[in-house]
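Asks: Okay, here's the structure, questions in a sec.
The values are calculated or read from the model by the stated rules, or taken from the named source; none is laboratory data. No experiment lies behind these values; they were computed from the predicted model shown. Quick reminder, even Gly has a Cβ in these numbers, built from the backbone with ideal geometry, and neighbours come from all protein chains shown.
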Amino acid sequence: MNQNQLDQDRIDIISPIDGQVFASRKLADGAEIEQALAAAQKAQKHWQSTNIADRKAIIDTMLTHFRAQEAELVPELARMMGRPVRFGGGEINGYCERASHMAECAETALADIVLPEKAGFDRHISRRPLGVVLVIAAWNYPYLIAVNSIAPALLAGNAVILKHAAQTLPAATRMVRAFQQAGLPEGLLTHLVVSHAQTADIIADNRIAHVNFTGSVAGGRAIQAAARGRFIGVGLELGGKDPAYVRADADLPATAAALVDGSFFNSGQSCCGIERIYADARIYDALLDLMRAETEAYILGDPLNADTTLGPMVSADAANGLRAQIKAAQAMGASGLIDRKGFAADQDGNAYCAPQILVNVSHDMAIMREESFGPVVGVMKTDSDEAALALVNDSAFGLTASIWTSDMEVGRRLAPQIETGTVFVNRCDYLDPGLAWTGIGDSGRGATLSQIGFEQLTRPMSFHIKHNV
């Protein structure tokens, strides 16, 4: 939450399109927070006794109501955080895909584990809900990030308190409305508009049994500090500095197109977006030529315009910070392949930032070590798999990484050598709900999605029953 967004008891949402207030929301007071926590705790006690089929039915119905809002959701996304309307429908589809997948795998994931028969005994392990889960969602994918935790938490029998990013508060309102229209019992999903200090107090409340947070490393540390002394789970998804390694045998046109999209989609504001590339010396120049052509074809402008392919960053402050990071790298010898003048909307002080490919970079530069979270990528030359993997692993982050090769045997051999949560071969910047979404190092801990995601939102309970003799 930016300081200028918070005015005592209200949060102003500043649109990156024009720097004007798009919407405003009142902060919850102490009584409203207490009411939400009490209602969540009470509703959860009943909800945990409902069967999974009934919980799945709520999710299915909710998706019908959610998708019915699509015509309003897409332009609202553009106004809130700058994503071009031509791409807004992708997040709506992804939201539905993830919620549907978690509903489909819930019964299997939450089924009892029955141990082999032992004479005179019945033994099994069940998955029990935790209670009330606090979900703290980020602005860059306001629907996708939230549903990663909300859907499985409810399916597992928990209640959810949602604290959404200040920039995208209307998204939370729309999600809650769709659940209400689907008949979700009152108290099971409540959106609270709260400050950082109020969030810390909520985490300290003994009715909160688990916290799922998506955001910055600094934010993750603040969440951990707030939970200190409490024996609760804290799931942290903190972003990354995601690398790509391009081998000499890669399909260069397809690779270049995918890497440019992976670097610049959503104006580079993706946790798993590509931020650094290591390319074999034999194809380095050819790859750069292809990437430059792809990048220069972007149209930077008003995200409400159907022709726009690159919108503004979330704020002028974010764009200015990225420009400063690029200038710092250039002062150390880096060179930009893209002429900023070719993107007229990019002006110092506004949120519109031209995409940039930096060469002559090194790991001495912040641009190759610290999260950029904007439309810039650095490209380095390498001469072997071993040298490339050493650079790939030279990072405090570990969310995703990608290998680009036409030799699947080599790709499968190299993939396990990368220290990360997800390894892609010949793709990037994608989240499959059937796989665990997880990270290591400064990318956080815990996991969402897949069957493993349910393990974070439940506790095991063992039953050891001796027959009467």
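Asks: Got a sec? Which of D307, D317 is surrounded by fewer than 19 Cβ atoms within 10 Å (Cβ to Cβ) and part of a helix (DSSP H, G or I)?
Replies: Within the list D307, D317, the selection yields D317.
Asks: Give segment 228-279 a look and list any residue that's part of a helix (DSSP H, G or I), among the small types (G, A, S) and within 17 Å of the chain's Cα centre (by Cα), or say none.
Replies: Within segment 228-279, G262, S263, S267, G268 qualify.
Asks: Would it be correct to say that G398 is modelled with pLDDT of 95 or more, crowded, with 18+ Cβ neighbours inside 10 Å, touching a helix residue (DSSP H, G or I) at 6+ places or on another chain (Cβ under 6 Å) and not aromatic (F, W, Y)?
Replies: Spelling it out, it is not the case that G398 is modelled with pLDDT of 95 or more, crowded, with 18+ Cβ neighbours inside 10 Å, touching a helix residue (DSSP H, G or I) at 6+ places or on another chain (Cβ under 6 Å) and not aromatic (F, W, Y).
Asks: Here's something else I'd like to know. Among the strands (runs of 3 or more DSSP E) confined wholly to segment 119-218, which include 3 or more residues that are farther than 19 Å from D54 by Cα and without any contact (Cβ under 8 Å) to a residue 60 or more places away in the chain?
Replies: The qualifying strands (runs of 3 or more DSSP E) are 159-164.
Asks: Considering only residues that are within 15 Å of L37 (Cα to Cα), among the small types (G, A, S) and over 24 Å from the mean Cα position of the chain (by Cα), which ones fall in segment 174-208? Full working, then the answer.
Replies: The first filter runs over segment 174-208 and keeps only residues within 15 Å of L37 (Cα to Cα), leaving 185-194, 198-208.
Cutting the leftovers down to among the small types (G, A, S) gives us 187, 200, 204.
Within segment 174-208, G187, A204 qualify.
Asks: Any residue in segment 58-70 that is assigned to a loop (DSSP other than H, G, I, E, B), aliphatic (A, V, I, L, M) and in the same structural domain as R128 (by TED's automatic domain parsing)?
Replies: Yes.
Asks: Also, I was wondering about something else. Let me confirm something: among G349, G333, which residue is out of contact with any strand residue (DSSP E or B) (no Cβ under 6 Å at 6 or more places or on another chain), assigned to a loop (DSSP other than H, G, I, E, B) and under 18 Å from S15 (Cα atoms)?
Replies: Step by step, each of G349, G333 is checked, and only G349 is out of contact with any strand residue (DSSP E or B) (no Cβ under 6 Å at 6 or more places or on another chain), assigned to a loop (DSSP other than H, G, I, E, B) and under 18 Å from S15 (Cα atoms).
Asks: Being surrounded by fewer than 17 Cβ atoms within 10 Å (Cβ to Cβ) and either of a type in the set (F, W, Y) or within 20 Å of L310 (Cβ to Cβ) (or both) is the filter here; which residues of segment 87-113 pass it?
Replies: Within segment 87-113, G89, G90 qualify.
Asks: Residues of segment 320-363 being modelled with pLDDT under 95, surrounded by 14 or more Cβ atoms within 10 Å (Cβ to Cβ) and touching a helix residue (DSSP H, G or I) at 6+ places or on another chain (Cβ under 8 Å), which ones?
Replies: Residues satisfying the conditions do not exist here.
Asks: Further question: Can you name every residue in segment 1-39 that is at pLDDT below 95 and among the aliphatic types (A, V, I, L, M)?
Replies: Of everything in segment 1-39, those that are at pLDDT below 95 and among the aliphatic types (A, V, I, L, M) turn out to be M1, L6.
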